[in-house]
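Below: the structure, in structure tokens.
Read-outs throughout are calculated quantities, based only on the coordinates presented, and are distinct from any laboratory measurement. Everything numeric here is computed off the predicted structure, so don't read it as measured data. Heads up, the Cβs are rebuilt from the backbone with ideal geometry, glycines too, and the neighbour counts pull from every protein chain shown.
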């Protein structure tokens, strides 16, 4: 080459090697709350895989004599100071005047705890049988209630763990369905443009102007009570996505329209790329990060909706255990006053939703540092 | 401006028709109808209803016809005579049942909306201007938690807390003696006594989201060149802040207003059921469970219309605030 | 400054001296240092900057992006970003009362500075679209400053605003005062912005690139206006620009900045004609101008402006400097070197050769423009005896635009019957202002837009093929033959692909059935051709500087060995020094590969520099086309003449004849073109005929053609022509 280019051929000492995804990850890592959200979310989803093992008791194990058993505290040392993790059973006292029961820890009822103990039998993921639990009373016939028991003496902690599987995944299922609808309709809207786009946009605006919960209640009420649990699960996720796709469709359309005008898409066309190659190699990778962020932000809404519907008794129903179903136990002041620990699944809902919101926020900021 | 409103109003009629169709379609979704359910109830009491009687009953309420016909009959009666059909459960015309409930819903939703504004706008502005301050972190955290709390859980928690404090069960929007009574001063006072818990419950999520929107918008706007222009002109800082960035940040907030209003209406349904408010929520819930179809359809339709009015209101407000939208229509008006 | 030792024979001076005595300066800035806190580090944006703005004169700050021009402006008004801080230095401003205020030491949100802002010191910026709020009428925003600085009734204030709008030449001020920014044209918006700044009759106007976003004809009018207002109000002005042509138009004094340092300072005549600092010299040498001989390679400054965080040690320019002295320039801050009482530079090398004159000759030869031996013996060159390689015939394109159900559809006529030929070996420059359809033309030639009518005939082995008639599938194979280079080096690369994948994409898409090895070889070859190391092939585009990215863009275009390259504003997003590198590269490549360029640009001097022939576009038509020399020496169309007159040249005003009349008005709305000649509303020679009939042009062939009923050689001849026509 001539010396023009030779002099201009700067030797950049440090040309950064990192890819776009690496840069997004770098930006994400700066978002502390997002990172916390990521770890908590991962932890919860990991738990949903191992609920049978993590839960000290079975989901349906009940014991009427433990009805409304209050939470027990873990003691690590015995009275004589030796190390022996245990909980104490309660002595039940009946107050005949008020008709209420009171529970007093009984130092003689020592329930020793250990790891990897035998307990209720289960089939892990419905496939592999087992009876070992990560943590629990060493003697299989003894019971431990770390956050108390409900009116049938079922362990709230175990049921909350079991419920996470349904509640966390129904959000995913609903979002997955919404995503399919959203990408299809939003993509169509953005790709066709013109009149089709106008019609679809008006339709989305219309759907978004409808109050969702009355419609959800209406749709959910249409599911007959005798429908089998698995079917109900899918029907509910369909109900959630019927209204949930609109937001995703808007994002997809917006990104699509913006990308369509980018010079690099023009360049790809001129390179001779086919429509599908432009879509999948040049467009899609450039909005996956946005979609992931929007999807993450959509899951909590679905979880909250499922919880609410189930609480009202028109979503999932017992014997299915979801957080909403568990919260049904608090129907009135009496049950709250007797057993405030029944709020525990609610606390977990809040934590899960918070984690997902933090994660989604962090992802969105990382994917799009200039927009909010 | 007039042209804009006119243009916007043109959308109202098709939207209302669409809402009524959606409402009616939903209540026809469940298998069977009220007659089946009624028969089942009778059967449980040991009374047997034969097919002839069922058909007679269906004919009486028009339930034997295909649903589009039912819909047309229902909507034309509704529009022409204000007759929304018969409530099987309540054994009264629907129109007699709904108005008190609807007006309470509207009052509650609107008060909640104003409550969220009054609380959220100043906090949002403060958070943006003093970003990364302790107060900002506090409100941001509260905002996140507010968004993560399910309405009904918050309602339950507040009920529990008031119970712990006062030993009484809170609930309802009116004391029983004022239900279906004419609006007197006493009734208003009674309403005010009860309304704060539902407002707090309903307003939390909206407040949290408004704080977040305003804060984010304002942070964006503060970087815009016209803020610099204003400061370079010697406009005092506080005044420049209010006149330019805050005003600009209001636009996305106003256009997102309908979402918040619709969410309030939406959340009201569930909170009302939990707190036992005498609004549309429990009525709708009951009607849907009992397949009291005309009542349910009417309620869903009116909630939809309430949401639509919110959207209309926010659109007009936006046009009033933003000359770009206003002028777009005047110019088109001149051109056309 | 004061703490810098002075080894030269000249007297140490304080900036406010400037040979005129202290009392003449309205503002004296000394050793101003401003830094920004970022996430990881602290960046120095201004490094001991010393400046003086004389009373009633204009000081121009000139430099490339990131040199700290805008930071200086904002520092004076104390409206710096929140993460910025003034670490050192003073800014003495003489207020109306005669008292000296140090702007650097007062509180930036306090009353003292607020009272000065908008009243005594005002500011205008580059983007009037975003600098004026669209939510309030411009009248409202103009009177605002009055409200806070004068005790004035609303009525009086409005009268005052109307008066200032009239002075800045706003058409129909009574109506415009109640308009919103989005209802005004670019030039009108800038007038509104100026009115806003001048309403309180400030003593210092800070203008931060006020004409950069404007078309060249509008820029000329706004520069005239600013100069007029300055003379009328006896105002001082701090004018910031990257454009040396604009400097020549407006400046009295010039300060050249580089990475937050002032490198040279002096009167405009000296800086433009006799610069001493290697950076200033480089900037001026790398600028293509109308007066420079076309075809000559431009001298370039190697490399590009580093990011602030990579500021070289010692002299910031040391890593790009031809006079670099190892061990000195990269170690110690540069020394002050005085050339004349009012002209000084900061440079070790200059200071040293002043001490030892014998090296002076060496330096001069180093800085002389690079001779290009190949200039005269260009391989090929345009071959007008051959058949044209590309023929455009009556190409038209209109777009329909509808914004909703109830709004009317608009037809935007972007191209209206464009014809021309392109010959082997030539560069056809296509020049015009924004919205004239030049970019649409480039894209329509390639078939990215389906033309409404007309033909794009490209020469192939089987004779001419009309691309306009081909379906997508068959178009594709011609896309290997005709390639495109895009304007924005940021947006034209898929950020997810490596440089290798970006360049290889076209080869992978087939047509040429290459193996993986062939592709790798070819990609490495084009990388070398554009002067980039093949080691960078696995990097992502975001890691490169603007100039490097444009090289990658050129490499991508060349990968399939095309015959024709359409370059759409390939250098307009680049800094001057980098622009010259890319222009030279394009010329070298043309010579080596025998390429044909369709070079689209808004910049007349760039077009003149690179083109063999030039076509001028206006409102979707070619109004004049001619061989470059012919066009620039004998322009015939009034629009071409206006463009040339409006183009600022880096020759000080005092050293050249004043430019003729500037045209008013703006480019017509392509949805609503005027009847007859589209230029007639802005044409000083327009007759009734021009208002009714559209002049024809036969732009095919390579001779000079013009679309005008009264093609002119001189305005005088034109007038007599019109008169004879009228009688």
Problem set entry | Globularity index of segment C:439-524, i.e. its alpha-carbon radius of gyration over 2.2 N^0.38 Å | 1.25
For this session: Report the calculated FRET efficiency for residue B:36 and residue B:99 (r = Cβ-Cβ distance, R0 = 22 Å), to the nearest 0.05.
Result: 0.15
For this session: May I ask you to sort B:243, C:155 by Cβ crowding, counting other Cβ atoms within 10 Å and putting the fewest first?
Result: C:155, B:243
Exercise. What angle do you read, to the nearest 10 degrees and between 0 and 90, between the alpha-carbon axis of helix A:229-260 and the longest principal axis of chain A?
Worked result: 30
Exercise. Between residue C:112 and residue A:110, how many nm apart are label points set 7 Å from Cα along the C-beta direction?
Worked result: 7.7
Problem set entry | chain B - mean residue ellipticity at 222 nm from DSSP helices (-39,500 (n - 2.57) per run, n ≥ 4, rounded to 500) | -25500 deg cm²/dmol
Seminar exercise, completed: Descending packing, highest mean Cβ count within 10 Å first, for B:3-14, A:236-247, C:225-236 is A:236-247, C:225-236, B:3-14
Exercise. When the chain is fully extended, how far beyond the present Cα-Cα distance does residue C:340 get from residue C:634, taking 0.36 nm per residue of separation?
Worked result: 101.8 nm
Exercise. Fewest first, what order do C:693, A:329 take by the number of other Cβ atoms within 10 Å?
Worked result: C:693, A:329
Exercise. Computed FRET efficiency, Cβ-Cβ of residue C:83 and residue B:324, R0 35 Å: what is it to the nearest 0.05?
Worked result: 0.65
Exercise. What relative contact order, as a whole-number percentage, does segment A:160-371 give when Cα pairs under 8 Å and 6 or more residues apart are counted?
Worked result: 30
Problem set entry | Label point distance in nm, residue A:195-residue C:645, each placed 7 Å from Cα along Cα→Cβ | 5.0
Exercise. Which shape class, rounded, prolate or oblate, goes with segment C:170-225 when its Cα gyration tensor gives a ≥ b ≥ c as root eigenvalues, a/c under 1.5 marks rounded, and past that a/b bigger than b/c marks prolate?
Worked result: oblate
Exercise. Hey, got the average number of other protein chain Cβ atoms within 10 angstrom for residues in B:307-315?
Worked result: 2
Exercise. How high is the relative contact order of chain A, in percent, with contacts defined as C-alpha pairs under 8 Å that are six or more residues apart?
Worked result: 21
For this session: Count the DSSP beta bridges whose two residues both fall in the protein assembly as shown, then state the antiparallel fraction as a percent rounded to the nearest 5.
Result: 70
Exercise. What does the convex hull of the Cα atoms of segment A:283-372 come to per residue, in Å³, rounded to a whole number?
Worked result: 111
Seminar exercise, completed: Here the protein assembly as shown gives, from Cα atoms, an Rg and Dmax in Å of 38.1, 126
Seminar exercise, completed: In this structure, the FRET efficiency calculated for residue C:227 and residue C:326 from their beta-carbon separation, with R0 = 41 Å, to the nearest 0.05, is 0.35
For this session: Using just the helices of chain A, give the 222 nm mean residue ellipticity in deg cm²/dmol: DSSP H runs with n ≥ 4 each add -39,500 (n - 2.57), and the total is spread over all residues, rounded to 500.
Result: -18000 deg cm²/dmol
For this session: Take peptides C:42-49, A:112-119, C:252-259 and line them up by average Cβ neighbours within 10 Å, highest first, as a rough protection proxy.
Result: C:252-259, C:42-49, A:112-119
Problem set entry | Average other protein chain Cβ within 10 Å of Cβ, residues C:490-501 | 5
Problem set entry | Sorted peptide list for C:447-460, C:546-559, A:265-278, criterion being average Cβ within 10 angstrom, highest first | C:546-559, A:265-278, C:447-460
Exercise. Separation between the residue A:93 and residue C:675 pseudo-spin-labels, each 7 Å from Cα along Cα→Cβ, expressed in nm?
Worked result: 10.5
Exercise. Per the Debye formula with a single identical scatterer at each Cα and no solvent contribution, what log10 I(q)/I(0) holds for segment B:1-50 at q = 0.19 Å⁻¹?
Worked result: -0.73
Seminar exercise, completed: Nearest 10, in degrees from 0 to 90: the angle of helix A:194-208 to the longest Cα principal axis of chain A is 20
Exercise. Among rounded, prolate and oblate, which fits chain C when a ≥ b ≥ c are the square roots of the eigenvalues of its C-alpha gyration tensor, a/c under 1.5 means rounded, and a/b larger than b/c means prolate?
Worked result: oblate
Exercise. What do the square roots of 5 times the Cα gyration tensor eigenvalues come to for segment C:523-576, in whole Å, largest first, as semi-axes of the equivalent ellipsoid?
Worked result: 17, 17, 8
For this session: Using only atoms on other chains, find how many Cβ atoms lie within 10 Å of each Cβ of peptide A:254-264 and report the average.
Result: 3
Exercise. Semi-axes of chain A's equivalent ellipsoid from the Cα gyration tensor, sqrt of 5 times each eigenvalue, largest first, rounded to whole Å?
Worked result: 51, 28, 16
Problem set entry | MRE, 222 nm, helices only [DSSP H, n ≥ 4, -39500 (n - 2.57), over chain C, to nearest 500] | -9000 deg cm²/dmol
Seminar exercise, completed: Exposure proxy check on B:221, C:624, A:79, C:461: fewest-to-most Cβ neighbours within 10 Å is C:461, A:79, B:221, C:624
Exercise. Hey, any idea what Rg/Rh is for segment A:160-371, computing Rh the Kirkwood way over Cα pairs?
Worked result: 1.06
Problem set entry | Cα gyration tensor, segment A:172-249 - rounded (a/c under 1.5), prolate or oblate | prolate
Exercise. Which of A:59, A:305, A:67 moves the most in a Gaussian network model of chain A with Cα springs under 10 Å?
Worked result: A:67
